[in-house]
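Heads up: the structure comes next, in structure tokens.
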Amino acid sequence: MPFLSYILKRVLQALLVMFIVTLFVSFTIRLTGDPAVMMLSQSANATAEDLERIREALGLNQPFYVQYWSYMSGLLSGDMGTSFFRGPVGPLVARALPATLLLAGTSLLISIMISVPLGIYAATRRGSFADQIIRVVSLVGLSFPNFWLGIMMVLLFSVSLRWLAPSGYIGWQSIIMPATTIGIILTATNLRIVRTTMLEVMSAQYIMVARAKGLSERTVIYKHALRNSSIALVTYLGLQFGGLMGGIVVVELVFGWPGMGTLAIDAISQRDYPILQAVISVLAIMIVLVNLVVDMTYALLDPRIRLE
């Protein structure tokens, strides 16, 4: 029962956050300009009547609360609306979302596969030459802007070596450079977190007790120390996911990746409210859901959390 009440509370909080986010997004994107004006900007003979007719056809002449209610009603029934220029929004998001999720998931996987082993290695050999090298490399990784690193990878592996395609999505090879670009940036931070938390846990009293019982060093590190230090990493990965969504937008532009970021940039340039509204809402809902999963993971890693 404590676990179920803990999860129920988090779900209700997530629903509230989703409502606030969709309301905020719907309001703020309407401050960016009038799409009807952009549509008529190329017409030299456009009149005020033409402008009003387009605004009425797009539903932009209605009060904000009417537009928001129409959007939420459609969203709850699975209808994301209709783009001003490109037809129904749902299929557009359905094509772009898997590409973004694939890129985000691969980047996180690369980061975890590199940062966890190296972080543990550095923590268990504190002060050694290898530890110093790992710390310097992680610091250098933190200083790389993702767009610069992406451009350098394109110049090296596409232009100079001609190993990989510079842009687009034409097969599994296409994900190597964008996922590695994001993964390197994430690894630099995650490595330092794993090392720091492992050092804190390794000095705890229960670790000394485990060693006094005669447990092998491998068991002490991976069964006791790593599990207790993983809460900090899980916390940061949840927070990192929001920044990851923002970073993916830039990387998708650099590599021409057909994901949500590219879709959002195109919508911004056209002031296409329905697409932009849907993209931001979907990404926000994803971030909320990821943080909900993180909260549930807390309860599994440390039962004291759900009791509190």
Just one listed residue, out of A179, A204, A188, is modelled with pLDDT under 80 and not polar (S, T, N, Q), and it is A204
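Here's the yes/no breakdown for (1) of a type in the set (G, A, S); (2) modelled with pLDDT under 80; (3) touching a strand residue (DSSP E or B) at 6+ places or on another chain (Cβ under 8 Å):
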position: I231; (1), (2), (3): no, yes, no
position: L239; (1), (2), (3): no, yes, no
position: W257; (1), (2), (3): no, no, no
position: I275; (1), (2), (3): no, no, yes
position: T297; (1), (2), (3): no, yes, no
position: D302; (1), (2), (3): no, yes, no
Per the filter on region 127-171, residues within 27 Å of A96 (Cα to Cα) and of a type in the set (S, T, Y) are S158, S167, Y169
Residues of region 94-116 being closer than 29 Å to W69 by Cα and surrounded by 19 or more Cβ atoms within 10 Å (Cβ to Cβ), in sequence order, are A96, T100
Exercise for review: Looking only at region 61-83, decide whether some residue is closer than 29 Å to S167 by Cα, out of contact with any strand residue (DSSP E or B) (no Cβ under 9 Å at 6 or more places or on another chain) and either modelled with pLDDT of 80 or more or surrounded by fewer than 16 Cβ atoms within 10 Å (Cβ to Cβ) (or both).
Suggested key: yes
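Okay, residues lined up against (1) in a helix (DSSP H, G or I); (2) touching a Lys or Arg at 6+ places or on another chain (Cβ under 9 Å); (3) of a type in the set (D, E, K, R); (4) under 21 Å from T262 (Cβ atoms):
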| site | (1), (2), (3), (4) |
| --- | --- |
| R135 | yes, yes, yes, no |
| S167 | no, no, no, yes |
| Q173 | yes, no, no, yes |
| P178 | yes, no, no, yes |
| T181 | yes, no, no, yes |
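Per-residue answers, yes or no, for (1) without any contact (Cβ under 8 Å) to a residue 12 or more places away in the chain; (2) in contact with a His (Cβ under 9 Å, 6 or more places away or on another chain); (3) over 15 Å from T197 (Cβ atoms):
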| site | (1), (2), (3) |
| --- | --- |
| L118 | no, no, no |
| A123 | no, no, no |
| L142 | no, no, yes |
| P145 | yes, no, yes |
| L149 | no, no, yes |
Selection from region 40-72 of residues within 27 Å of the chain's Cα centre (by Cα) and of a type outside the set (A, V, I, L, M, F, W, C) yields Y68, Y71
For region 190-218, the count of residues that are surrounded by fewer than 17 Cβ atoms within 10 Å (Cβ to Cβ) and either in a helix (DSSP H, G or I) or of a type in the set (S, T, Y) (or both) equals 13
* With respect to L239, determine if the residue is closer than 26 Å to Y71 by Cα and assigned to a helix (DSSP H, G or I). => no
Among the residues of region 267-296, the number that are over 22 Å from L76 (Cβ atoms) and buried (at least 18 other Cβ atoms within 10 Å of the Cβ) is 3
Looking at I207, is it of a type in the set (V, I, T) and more than 29 Å from F255 (Cα to Cα)? yes
Those residues of region 269-283 that are within 19 Å of S70 (Cβ to Cβ) and in a helix (DSSP H, G or I) come to a total of 10
Among V93, V37, V89, V11, the single one that is modelled with pLDDT under 80, under 27 Å from M260 (Cα atoms) and within 25 Å of the chain's Cα centre (by Cα) is V11
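The values are calculated or read from the model by the stated rules, or taken from the named source; none is laboratory data. Bear in mind the structure is a predicted one, so any value in this text is a computation, not a measurement. Counting neighbours? That spans all protein chains shown, and the Cβs are built from the backbone with ideal geometry, glycine included.
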